[in-house]
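Read through the structure below, which is laid out as structure tokens, and then see the notes.
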Amino acid sequence: MSEFKKIISNLKKDISELNSLIDFKKLKIEIEELEEKSQSPDIWNDRKFGTELMTSLASKKSFLDKINYINSSVESYYQLVQDSTEDEIKVLEKDSIEELKNIKDEIKIIEADLQFSGEHDQYDVLMTISGGAGGVDAQDWASMLLRMYLRWADKKNFKAEILTSSPGEEAGIKSALLRITGEKVFGLLKGEKGVHRLVRLSPFNSANLRHTSFALVEVIPDFQKTVNVEVNNDDLKIEAFKASGAGGQSVQKNSSAIRLTHKPSGIVVSVQNERSQSQNKNIALQILKSRLVDLENVKNKEKENELKGEFVSAEWGNQVRSYVLHPYTLVKDIRSGFEMPDAQRVLDGDLDQLLYEFLKFINKSQNIN
């Protein structure tokens, strides 16, 4: 097979993969409904509503036209190369190489955009990492995960703040709460929630035996910028305490850390990253409100499927990813089956491929269902 035929075959495979991520029936119904609404004489009584509706309609129609054009173009090229001689293919290759490059680039852009169709994918993230079964090894594992996500955020030029951290008794951390801010952060990280399992030779065991550790990662959207939730002060238990981790001498000496307990829901939020008690209280209240919104959302089954994900349950018996450092190195996403042999590369923050492969997997699964 000539190199050009391979390019066309790969493009055909890529567009087939892209089509599997799109619910064409749903898209066409949405366009028909919007078109019907756009014909209403009352549409411009509310100018904001009218503008948003027309913008949404134009966007969906443009997207469908683009997909149809790519499908048609790739299919035409595929049929041409099947029926052409080698000389004709050489001429076709020379004349079309730029267009094919543009089509390939467009497929990549659309495929990436399709991963972020959830209602909250554009939001920032509140992430909690907690050591699980495995004693000091698990606490060390939790600190390794914290380092991994901080490095990932740094590589993406995202802002990551550790809002509170509880150190382990010998090493690592018992738990940590961080906020990650950046473009489509929740969309990228929503599949990280669940149990992460580590297999390695324990550095805390005198016999250096192989040990399995577990840590729980919880991820919710940071609703603070968009939500308006009233919290009754009578429902809150407010406690001030000294920060237990590193953070500067004044942080250690003063009871600047804050713990809020929301009595009706049982939600507890601790924040210690600011030197001011009032600043920590404000941040803790913002986080509490986000958690209350998330709690309300997951009570509704439809919202739960979107926010929590069928494959992303954070129950302790349900592992989402396995990291093996001995007797071989491998990182495997249990849900999608995707594997990366270089575990250290992942632990150093190279997470994008794992994140995107899971998003592709879950989007395909939802379209099939």
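One residue is enough: does segment 167-176 have a residue meeting the conditions of a type in the set (Val, Ile, Thr), touching a strand residue (DSSP E or B) at 6+ places or on another chain (Cβ under 6 Å), within 22 Å of Asp294 (Cα to Cα) and buried (at least 20 other Cβ atoms within 10 Å of the Cβ)? Scanning segment 167-176 turns up no residue that is of a type in the set (Val, Ile, Thr), touching a strand residue (DSSP E or B) at 6+ places or on another chain (Cβ under 6 Å), within 22 Å of Asp294 (Cα to Cα) and buried (at least 20 other Cβ atoms within 10 Å of the Cβ). Return yes when Ile129 is in a helix (DSSP H, G or I), among the aliphatic types (A, V, I, L, M) and either under 30 Å from Val74 (Cα atoms) or under 26 Å from the mean Cα position of the chain (by Cα) (or both) and no when it is not. So Ile129 fails the test. Per the conditions (1) surrounded by 12 or more Cβ atoms within 10 Å (Cβ to Cβ); (2) modelled with pLDDT under 90; (3) out of contact with any strand residue (DSSP E or B) (no Cβ under 8 Å at 6 or more places or on another chain), the sole criterion not satisfied by Val74 is (2). Counting only residues that are hydroxyl-bearing (Ser, Thr, Tyr) and either loosely packed, with under 13 Cβ neighbours inside 10 Å or under 18 Å from Asp352 (Cα atoms) (or both), segment 185-204 holds 0 of them. A count restricted to segment 39-55 and to residues that are polar (S, T, N, Q) and under 23 Å from Ser117 (Cα atoms) stands at 2. The residues of segment 331-369 that are surrounded by 15 or more Cβ atoms within 10 Å (Cβ to Cβ) and at positive phi amount to a single one, Gly349. Give the residues of segment 115-128 that are modelled with pLDDT under 80 and of a type outside the set (S, T, N, Q), sorted by residue number. Answer for segment 115-128, where residues must be modelled with pLDDT under 80 and of a type outside the set (S, T, N, Q): Gly118, Glu119. Among the residues of segment 145-157, those that are buried (at least 19 other Cβ atoms within 10 Å of the Cβ) and within 15 Å of the chain's Cα centre (by Cα) comprise Met148, Tyr149, Trp152, Ala153.
Out of Ser202, Ser206, Ser256, Ser244, report the one residue that is closer than 30 Å to His326 by Cα and at pLDDT below 80.
Ser206
Evaluation of Ala207 against the conditions (1) crowded, with 16+ Cβ neighbours inside 10 Å; (2) assigned to a loop (DSSP other than H, G, I, E, B) shows that the sole unmet condition is (1). Of the residues making up segment 77-95, those that are under 11 Å from Leu11 (Cβ atoms) and without any contact (Cβ under 8 Å) to a residue 60 or more places away in the chain number 0. Selection of segment 209-241 for residues being among the charged types (D, E, K, R) and either modelled with pLDDT under 85 or out of contact with any Leu (no Cβ under 9 Å at 6 or more places or on another chain) (or both) yields Lys225, Glu230, Asp234, Asp235.
Remark: Val312 falls outside the filter, which requires a residue to be touching a strand residue (DSSP E or B) at 6+ places or on another chain (Cβ under 8 Å), at pLDDT 85 or above and of a type in the set (Val, Ile, Thr). Report yes if Ser2 is in contact (Cβ under 8 Å) with a residue 24 or more places away in the chain, over 23 Å from Phe361 (Cα atoms), surrounded by fewer than 16 Cβ atoms within 10 Å (Cβ to Cβ) and hydroxyl-bearing (Ser, Thr, Tyr), otherwise no. The answer is yes for Ser2. Checking Gln139, Gln82, Gln122 one by one, the residue that is part of a loop (DSSP other than H, G, I, E, B) and out of contact with any Leu (no Cβ under 9 Å at 6 or more places or on another chain) is Gln122 and no other.
Filter segment 329-369 for residues that are outside any helix (DSSP H, G or I), among the basic types (Lys, Arg) and at pLDDT below 95 and give the result.
Passing the criteria: only Arg335.
For segment 105-144, the candidate set comprises residues that are closer than 25 Å to Arg345 by Cβ, of a type in the set (Gly, Ala, Ser) and touching a residue at least 40 places away in the same chain (Cβ under 8 Å); within that set, the residue that is surrounded by the fewest Cβ atoms within 10 Å (Cβ to Cβ) is Ala112.
The values are calculated or read from the model by the stated rules, or taken from the named source; none is laboratory data. Since the structure is predicted, the reported quantities are computational estimates derived from the model, not experimental observations. In this analysis, Cβ positions are derived from the backbone assuming ideal geometry, glycine residues included, and neighbour counts consider all displayed protein chains.
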